[in-house]
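Chemist: The following block contains the structure, expressed as structure tokens.
The values are calculated or read from the model by the stated rules, or taken from the named source; none is laboratory data. The model shown is predicted, which means the values in this text are computed figures rather than measured ones. All Cβ positions, even for glycine, are placed from backbone atoms using ideal geometry, and neighbour counts span all protein chains on display.
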Ligand SMILES: [Fe+2]
Ligand SMILES: [Fe+2]
């Protein structure tokens, strides 16, 4: 596999994992609203923790600090798209704060909270899907076209670098997240995860 394929494959793999968790949240929230599922707050808070932390500690910094500057260095054509994607990275936190607040309301039994949570989970899933689509339809094809071998070689350690080597056991290290992802998949009910249907 070429260096380019490894970098692009790693980025697409991160998109798929994050999308799977966000889609699980959207479906679970919908089923809760419809009353076909009972809330499991450990699962719900865990889903939100993953969606909040993984992009913030791994994916967005890799894009902002490595991929986007590499593309900017080869062409000014995507400057506006990259600016917009950077703004969306910044906006992502506020969406998650809102989701957390609504989940808290749901746990407190506030009337209407389940519907509000389902609506927010759905709009967040749409926001995230549009964001990734923009990266996959504009940024990655341009990168594939214009980046040179030395650019891909510089990017490879950045996409492979997960944990701070001095802090390898921190909760934001990649092995920890991978294990957390496996646990999540195991507790999210079928058909969205591998957990027991409820
Ligand atoms: Fe992004
Ligand atoms: Fe991305």
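Chemist: Could you list all residues from the range 56-84 that are more than 13 Å from ligand 1 (Cβ to nearest atom) and assigned to a helix (DSSP H, G or I)?
Modeler: 57, 69, 70, 72, 73, 74, 79, 80 - these are the residues of the range 56-84 that are more than 13 Å from ligand 1 (Cβ to nearest atom) and assigned to a helix (DSSP H, G or I).
Chemist: Which residue is modelled with the highest pLDDT, if the candidates are limited to the range 151-167 and must be out of contact with any helix residue (DSSP H, G or I) (no Cβ under 7 Å at 6 or more places or on another chain) and assigned to a loop (DSSP other than H, G, I, E, B)?
Modeler: 161
Chemist: Identify, from the list 87, 138, 114, the residue that is away from ligand 2 (no atom under 16 Å from the Cβ) and either part of a helix (DSSP H, G or I) or in contact with a strand residue (DSSP E or B) (Cβ under 9 Å, 6 or more places away or on another chain) (or both). Give the steps one after another, and end with the answer.
Modeler: Working: 87 fails: away from ligand 2 (no atom under 16 Å from the Cβ); 138 fails: away from ligand 2 (no atom under 16 Å from the Cβ).
Checking each option against the conditions leaves just 114.
Chemist: Are any residues in the range 1-48 out of contact with any helix residue (DSSP H, G or I) (no Cβ under 8 Å at 6 or more places or on another chain), more than 16 Å from ligand 1 (Cβ to nearest atom), more than 15 Å from residue 125 (Cβ to Cβ) and part of a helix (DSSP H, G or I), and if so, which ones?
Modeler: Selection gives 5, 9, 34.
Chemist: For the list (1) within 15 Å of ligand 2 (Cβ to nearest atom); (2) crowded, with 19+ Cβ neighbours inside 10 Å, I need the number of the one condition that residue 29 fails.
Modeler: Of everything listed in (1) within 15 Å of ligand 2 (Cβ to nearest atom); (2) crowded, with 19+ Cβ neighbours inside 10 Å, residue 29 misses just condition (1).
Chemist: Considering only residues that are surrounded by fewer than 18 Cβ atoms within 10 Å (Cβ to Cβ) and in contact (Cβ under 8 Å) with a residue 12 or more places away in the chain, which ones fall in the range 74-87?
Modeler: Of the residues in the range 74-87, the ones surrounded by fewer than 18 Cβ atoms within 10 Å (Cβ to Cβ) are 74-77, 79-81, 83-84, 86-87.
74, 75, 77, 81, 84, 86, listed by residue number.
Chemist: Let me ask you something else. Cβ-Cβ distance below 7 Å, separation of 6 or more or different chains: which pairs start in the range 93-122 with a residue that is crowded, with 18+ Cβ neighbours inside 10 Å and end on one that is not in a helix (DSSP H, G or I)?
Modeler: From the range 93-122, the pairs are 106/39.
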